[in-house]
Amino acid sequence: MHRWFLVRHGQTEWNRVGRAQGHSDPPLNAEGRGQARAVADRLGQVEFAGAYTSDLSRAAATAEAIMSGRDTPLIRRRDLREQNFGEWEGLTFEEVRSRYTGEYEEMLEQNPAFVPPGGESDTDLLARMAGTVARIAQRHAGAGGNILVVTHGGAIRAMIVSLLEAPADSLWQIRLSNAGLSIVTTFDEGGATIDLLNDTSHLGPGFDV
């Protein structure tokens, strides 16, 4: 049995103003650094058999806060990056709607095969994350324990859908906040359960999800 602790990175300025980030690499802002410390405090007593993070700085900095002072190595993986939004990266979604009207409307149809210009479809993201989950699980096969993964909103949604073997369009039914914590348990004999989804209680009662 494995318990997957899935943490979305803290806030960046692009998050704050609503810009698509994807494979772009804006750092945590002051709010995001505080969120990283809060989730680190939340998980301070949890022992991890393995710890993994996207190689993008906003995720890596959040993971470093969580794993500070621990012996378990933090492994950076390019395959844990966010969905690639191609030409849309750096744009607000209002700008996307204005400049790419047809493609924007197609995206809203929630077709998993839709590809942002120069980017990656939901189907591509799901396949990538399913492969990543399988490779990480194989590293810990037979050992069990808690596995920390600090990554991005789309990547975590795809991980959850993959672990649950849920339909691809379930991606659009999961909302994840900056520094939100989700926990999924997978069983050696097969199957998985969601034990916690997008919990932000460690960020305080005034946090706006």
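Quick note: the coordinates plus some simple rules give every number you see, no bench work behind them. Given the structure is predicted, the values throughout are model-derived calculations rather than measurements. Methodologically, a virtual Cβ is constructed for each residue, glycine included, from the backbone with ideal geometry; neighbour enumeration extends over all protein chains shown.
Figures for the structure shown
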item: Other-chain or far-sequence residues with amide H under 5 Å of Arg77's (modelled H); result: Thr53, Ser54, Asp55
item: Residue of Glu120, Glu64, Glu103 that the Gaussian network model of the chain assigns the largest fluctuation, springs spanning Cα pairs under 10 Å; result: Glu103
item: Label-point gap, in nm, between Ala166 and Arg76 - each point 7 angstrom along Cα→Cβ; result: 3.1 nm
item: Shape of segment 164-209, Cα gyration tensor, a/c cut at 1.5; result: oblate
item: Most positive-pole-ward Cα, Trp4, Ala141, Ile66, against dipole of the chain from beta carbon charges; result: Ile66
item: Charge dipole (debye, nearest 20) of segment 2-203; +1 at Cβ of Lys and Arg, -1 at Cβ of Asp and Glu; result: 680 debye
item: Helix-derived mean residue ellipticity, 222 nm - over the chain, DSSP H n ≥ 4, -39500 (n - 2.57), to 500; result: -10500 deg cm²/dmol
item: Under the span-like rule (Cα at least 20 Å along the axis, Kyte-Doolittle mean at least -0.5), DSSP H helices of the chain; result: 122-139
item: Förster-model FRET efficiency, 45 Å R0, Glu13 and Asp188, C-beta, rounded to 0.05; result: 0.60
item: Segment 1-127: C-alpha gyration tensor shape, a/c 1.5 cut-off, then a/b vs b/c; result: prolate
item: Most fluctuating residue given options Pro27, Pro117, Pro167, as computed from a GNM of the chain linking Cα atoms under 10 Å; result: Pro167
item: Segment 115-209: C-alpha gyration tensor shape, a/c 1.5 cut-off, then a/b vs b/c; result: oblate
item: Percentage of interatomic Cα-Cα distances in segment 1-45 larger than 11 Å; result: 71 percent
item: Nonlocal amide H pairs with Gly10, under 5 Å, H built at 1.01 Å; result: Thr62, Ala179
item: Residues in segment 135-177 that a label on Ala113 would reach, taking backbone N under 16 Å of a point 7 Å out along Cα→Cβ; result: 168-169
item: Among Asp41, Asp71, Asp199, residue whose mean-square fluctuation peaks in a GNM of the chain (springs only between Cα atoms under 10 Å); result: Asp71
